[in-house]
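Asks: Let me begin by handing over the structure; questions about it come next.
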């Protein structure tokens, strides 16, 4: 197999065309070295790319238009036209067109991933409000991908070299978090994290910290019952299953004391509890990874950033890290699958 044939075909969704997604794509792939890691395939619109090339004054960006991943050319930036009749781009403003483009791009990329025509998906940021005009049930990529690949549970997993943080609940109103926590749900999420750390990141016998829900992790029930009634029993059962899970830890002191450095993964109870410290600690080197689905999916750990769209100031580092992570995870999964298959042959 040639070096080119070993490259992964990575599908990029264009995200909201009025946000910073197209700018990130241009800035990342104007450096030709990224094409040494993968065969990039953008699900979107060449018209959008041409508009942003002019706005950002990036004349030397070359691409080819293809109709399917099978036609994608090595050492080229490939575009699959899947956003027809895009009449107007309103850079920096939410619009129905922006939501429609994001929806059509993601829909086609997921379909090709389901048919194993691409090896991984890197999604660019979307605006949930405009996206929902095309898919009213959309609450986030993590939830949509779980349904698309028919998995009971998956895990929003924020990853970097220094810290990896998962969430038991995802895009849920804070008022509903406590009611959504169950021992079974925590166990499922920690098991997903354990399996991902082992198979996706090659961490043997990972140590996982589990955060409490309430201030001071409930103060022995004085501030809330969830730690004693739900979280601690879940941790105990995980230990009985051979998973090294510890806690529950008070979230504020856990991160402030750098206790997270002792662990391979941290399980938070809700979105902001985990993502605020993660983003503060990693900056633009963090990646949003979806664990527990058969396709590898990553994305930058930020939003559409309408306020800076088209101004040339968007930092593509998180997108670059998303690409590197997708490649590493895909290769780790393939290697571990081969090791397991060989072990089964030896046993038989």
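Just so you know, all these numbers are worked out from the coordinates, no wet-lab data involved. Keep in mind it's a predicted model, so treat the numbers as computed, not measured. Positions of Cβ are backbone-derived with ideal geometry, glycine not excepted, and every protein chain shown enters the neighbour counts.
Asks: Arranged from highest to lowest average of other beta-carbon atoms within 10 Å per residue, in what order do the peptides 9-21, 253-265 appear?
Replies: 9-21, 253-265
Asks: Which residues among segment 230-245 fall inside the zone where the amide N is under 17 Å from a point 7 Å beyond the Cα of residue 172, along Cα→Cβ?
Replies: What the label zone holds, given the 17 Å backbone N cut-off, is 230-235.
Asks: If packing is taken as the average number of other Cβ atoms within 10 Å across a peptide's residues, how do 53-66, 231-244 rank, most packed first?
Replies: Highest to lowest by the protection proxy: 231-244, 53-66.
Asks: List the extent of the Cα atoms of segment 153-285 along each of their three principal axes, largest first, rounded to whole Å.
Replies: Here the spans come out as 38, 33, 27 Å, largest first.
Asks: Any idea what angle helix 317-347 forms with the longest principal axis of the chain, computed on alpha-carbon atoms, 0 to 90 degrees, nearest 10?
Replies: 60 degrees
Asks: Hey, rough spin-label estimate for residue 150 and residue 81, points 7 angstrom out along Cα→Cβ, what's it come to in nanometres?
Replies: 3.4 nm
Asks: Helix 183-199 against the longest principal axis of the chain: what's the angle in degrees, Cα atoms only, rounded to the nearest 10?
Replies: 60 degrees
Asks: While we're looking at this one, here's another question. If you line up the long axis of helix 271-282 against the longest principal axis of the chain, both from Cα atoms, how many degrees apart are they, to the nearest 10?
Replies: The two axes meet at around 70 degrees.
Asks: Rounded to whole Å and ordered largest first, report the semi-axes of the equivalent ellipsoid of the chain derived from its Cα gyration tensor (root of 5λ).
Replies: After scaling each eigenvalue by five and taking roots: 36, 24, 17 Å.
Asks: By per-residue mean of other Cβ atoms within 10 Å, what is the highest-first order of 176-182, 76-82, 40-46?
Replies: Values: 176-182: 14.3, 76-82: 20.9, 40-46: 25.1.
In descending order of packing, they fall as 40-46, 76-82, 176-182.
Asks: May I ask you to derive the relative contact order of the chain, considering only C-alpha pairs under 8 Å and at least 6 residues apart, and to give it as an integer percent?
Replies: 22 percent
Asks: In addition: Take the Cα of residue 261, step 7 Å along the line toward its Cβ, and report every residue of segment 146-166 whose backbone nitrogen sits under 15 Å from that point.
Replies: So the set is 161-164.
Asks: Right, next: Consider all pairwise Cα distances in segment 30-73 and report the whole-number % of them above 16 Å.
Replies: 45 percent
Asks: If R0 is 35 Å, what FRET efficiency do you get for residue 331 and residue 93 from their C-beta distance, rounded to 0.05?
Replies: Between residue 331 and residue 93 the formula returns 0.30.
Asks: What percent does the relative contact order of segment 135-184 come to when contacts are Cα pairs within less than 8 Å and at least six residues apart?
Replies: On the way: 28 pairs, mean separation 11.3, N = 50.
Value for segment 135-184: 23 percent.
Asks: Given the chain, what percent of its DSSP beta bridges are antiparallel, to the nearest 5?
Replies: 30 percent
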